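A.B. asks: Have a look at this one before I ask anything.
All of the numbers you see were taken from the coordinates with simple rules; none came from a lab. This structure is a prediction, so every number in the text was calculated from the model and none was measured. As a convention, Cβ positions derive from the backbone with ideal geometry for all residues, glycine included, and neighbour counts pool all protein chains shown.
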Amino acid sequence: MNLKPQQDKKLWQFWIDRGGTFTDIVGCNPDGEILIHKLLSENPNQYSDAAIQGIRDLLKLSHEEAIPMTQIDVVKMGTTVATNALLERQGEKTLLAITQGFGDILRIGYQNRPKLFAIDIQLPEMLYSDVIEIDERLDPHGCVIKPLDEKNTEKQLQQYFVDGYRTLAIVLMHGYRYPEHEKIIATIAKRIGFTQISISHQ
């Protein structure tokens with residue numbers, strides 16, 4: 001009688017690196033063999049998603065066959081697409097919503113001067129395209145100093161939506177700790193039609 005615990009059946013494992021140009025797929029089959037595959041990240045005439053196609057290729061599946069999920073243990077994926085978009089400023093234009101009076105706080109920054117005596121100071125490019133100042137204010141304890149002007153906020157957001165903005169970053173004073181106003185603004189933005197909303201407290 002065999003009293004040893006039965007080992008789990010070995011399954012496929014995949015590690016994927018999706019870049020702006022190529023997607024690299026590393027697979028480990030049930031026998032422990034390492035397989036490497038490379039595809040163009042964008043090739044719409046051949047496949048809709050490079051990562052999925054890479055898995056299909058390593059499993060030697062036809063276009064009609066479904067991926068057998070029961071044969072896969074794990075899929076881990078990393079990507080530099082977002083990093084590249086930031087570095088190359090190729091992402092969607094972003095609107096920053098910040099507490100009134102702080103519209104230029106990120107532009108001012110820390111006033112670091114790596115080249116102290118430089119006459120022509122080169123400021124870093126901002127990640128957002130434009131900024132609106134929200135009429136509201138909470139103190140460090142969450143007490144309302146100035147109530148959120150929801151009507152004016154909606155009017156401001158609506159105007160930028162008409163101008164083509166779909167991405168919004170909401171960063172209010174003390175919002176990371178007391179997010180009530182940020183949540184209201186996010187709800188308004190979603191109702192207007194913004195498709196990507198990032199909030200500092202999340």
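A.B. asks: Return a single number: how many Lys pairs in the chain, at a sequence separation of 8 or more or on separate chains, have alpha-carbon atoms below 16 angstrom apart. Could the numbers behind the result be given before it?
C.D. replies: Details: Lys38/Lys60; Lys38/Lys76; Lys151/Lys183; Lys151/Lys190; Lys155/Lys190.
Taking the chain as the scope, the lysine pair count is 5.
A.B. asks: Can you tell me how much longer the chain between Glu150 and Gln196 gets when fully stretched, taken as 0.36 nm per residue apart minus their C-alpha distance, in nm with one decimal? Please list the in-between numbers first.
C.D. replies: Values: separation 46, 0.36 × 46 = 16.56 nm, distance 1.97 nm.
So the extension gain works out to 14.6 nm.
A.B. asks: Using a/c under 1.5 as the rounded threshold, could you call region 1-99 rounded, prolate or oblate? The axes a ≥ b ≥ c are square roots of the C-alpha gyration tensor eigenvalues, and prolate needs a/b larger than b/c, oblate otherwise. Display every interim value, and only then the final one.
C.D. replies: Values: a/c = 2.93, a/b = 1.90, b/c = 1.54.
The shape class here is prolate.
A.B. asks: Report, largest value first, the span of the C-alpha coordinates of region 92-202 along each principal axis, in whole Å.
C.D. replies: Sorted largest first, the three principal extents are 48, 36, 23 Å.
A.B. asks: Another question, if that's okay. How large is the helix-only mean residue ellipticity at 222 nm for the chain, computed as the sum of -39500 (n - 2.57) over DSSP H runs with n ≥ 4, divided by its residue count, in deg cm²/dmol to the nearest 500? Write out the running numbers ahead of the final one.
C.D. replies: Working: 5 runs with 47 residues, N = 202.
The helix contribution divided over the chain gives -6500 deg cm²/dmol.
A.B. asks: Tell me, what is the FRET efficiency for Asp57 and Ile105 to the nearest 0.05, using R0 = 41 angstrom and their Cβ-Cβ distance as r?
C.D. replies: Working: r = 49 Å, r/R0 = 1.20.
That gives a FRET efficiency of 0.25.
A.B. asks: A further question on this structure: Nearest 5 is fine: what % of DSSP beta bridges in the chain come out antiparallel, could you say? Mind dumping the intermediate values first?
C.D. replies: Working: 15 of 36 bridges.
Roughly 40 percent of the DSSP beta bridges within the chain come out antiparallel.
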